[in-house]
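Okay, here's the structure, questions in a sec.
The values are calculated or read from the model by the stated rules, or taken from the named source; none is laboratory data. Treat the numbers as computed from the prediction; the structure is a model and nothing was measured. Here the Cβ positions follow ideal geometry from the backbone for every residue, glycine too, while neighbour counts run over all protein chains shown. Ligands, DNA and RNA are excluded from the accessible area calculation, which covers all protein heavy atoms including side chains. Shrake-Rupley method; radii C 1.70, N 1.55, O 1.52, S 1.80 Å.
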Amino acid sequence: MKIISSKNAPEAIGPYSQAIQTDRYLFVSGQLPINPETGTEAGRDIEVQAHQVIRNIQAILKEAGYELTDVVKTTCFLKNMEDFATFNKVYGEYFVQCPARSCVAVKEIPKNVLCEMEVIAYR
């Protein structure tokens, strides 16, 4: 088991790792729409936040030698299901290989942001 950490993604806000690599799998912890350079929330709308979440995931994947095309499963959390169509549009720009996915609305997300995503990649 190897801990993966990228300076190009926000630091963990608790006692967990950005990602863990085991054999050929990479498990990326839930990423928030936090700009890693400023440590602040990226925008106030779902489109901007969704782009930032995926850029953070890309940075962690890259650190471990993976790409978005290696992602086999995503779990997406939305604060409001009314944002689903916009989130889905942004998601589709990045995940063209259509990995397995769950997408649910949740009552709250840390830092009161609009979305969070975790992924599993395989190489």
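Search the stretch 30-73 for residues being part of a strand (DSSP E or B) and either open to solvent by 50 Å² or more (accessible area, probe 1.4 Å) or among the basic types (Lys, Arg) (or both), and hand back the single one that is farthest from Cys98 (Cα to Cα). Walk me through it before giving the result.
Taking the stretch 30-73 as the starting set, the residues that turn out to be part of a strand (DSSP E or B) are 30-31, 34, 41, 71-73.
Narrowing further to those that are either open to solvent by 50 Å² or more (accessible area, probe 1.4 Å) or among the basic types (Lys, Arg) (or both): 41, 72-73.
Details: Glu41: 27, Val72: 8, Lys73: 9 Å.
Among them, the one singled out is Glu41.
Take Glu108 and decide whether it is acidic (Asp, Glu) and in contact with a Lys or Arg (Cβ under 7 Å, 6 or more places away or on another chain).
On the way: acidic (Asp, Glu): yes; in contact with a Lys or Arg (Cβ under 7 Å, 6 or more places away or on another chain): no.
When the stated conditions are applied, Glu108 does not pass them.
Do any residues in the stretch 22-33 that are without any contact (Cβ under 8 Å) to a residue 24 or more places away in the chain have Cβ atoms under 6 Å from those of residues that are surrounded by fewer than 24 Cβ atoms within 10 Å (Cβ to Cβ), where the two are at least six apart or on different chains, and which pairs are they?
Note: pairs meeting the criteria are Thr22/Met1.
Take the residues of the stretch 76-123 that are in a helix (DSSP H, G or I) and among the aliphatic types (A, V, I, L, M): which is surrounded by the fewest Cβ atoms within 10 Å (Cβ to Cβ)?
Let us first name the residues in the stretch 76-123 that are in a helix (DSSP H, G or I), namely 81-94, 110-112.
Filter again for among the aliphatic types (A, V, I, L, M), leaving 81, 85, 90.
Values: Met81: 12, Ala85: 9, Val90: 19.
Checking each candidate, the answer is Ala85.
Is it the case that the stretch 13-20 has a residue that's touching a Pro at 6+ places or on another chain (Cβ under 7 Å), closer than 26 Å to Tyr122 by Cα, of a type outside the set (Gly, Ala, Ser) and open to solvent by 60 Å² or more (accessible area, probe 1.4 Å)? Lay out the reasoning, then the answer.
First, pick out the residues of the stretch 13-20 that are touching a Pro at 6+ places or on another chain (Cβ under 7 Å): 13.
Adding the requirement that they be closer than 26 Å to Tyr122 by Cα leaves 13.
When the remaining residues are screened for being of a type outside the set (Gly, Ala, Ser), the result is 13.
Filter once more, so that each one left must be open to solvent by 60 Å² or more (accessible area, probe 1.4 Å): 13.
Taking every residue of the stretch 13-20 in turn, at least one turns out to be touching a Pro at 6+ places or on another chain (Cβ under 7 Å), closer than 26 Å to Tyr122 by Cα, of a type outside the set (Gly, Ala, Ser) and open to solvent by 60 Å² or more (accessible area, probe 1.4 Å).
For every residue, the table says whether it meets (1) at pLDDT 95 or above; (2) out of contact with any strand residue (DSSP E or B) (no Cβ under 6 Å at 6 or more places or on another chain).
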residue	(1), (2)
Glu11	no, yes
Gly39	no, yes
Arg44	no, yes
Ala59	yes, yes
Gly65	yes, yes
Thr69	yes, yes
Phe77	yes, no
Glu82	yes, yes
Thr86	yes, yes
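List every residue pair whose Cβ atoms sit under 9 Å apart, with the two residues 6 or more apart in sequence or on different chains, where the first one lies in the stretch 95-123 and is closer than 17 Å to Ile13 by Cβ and the second, anywhere, is of a type in the set (Asp, Glu) and open to solvent by less than 50 Å² (accessible area, probe 1.4 Å).
Val106/Glu116; Ile109/Glu116; Pro110/Glu116; Leu114/Asp83; Cys115/Asp83
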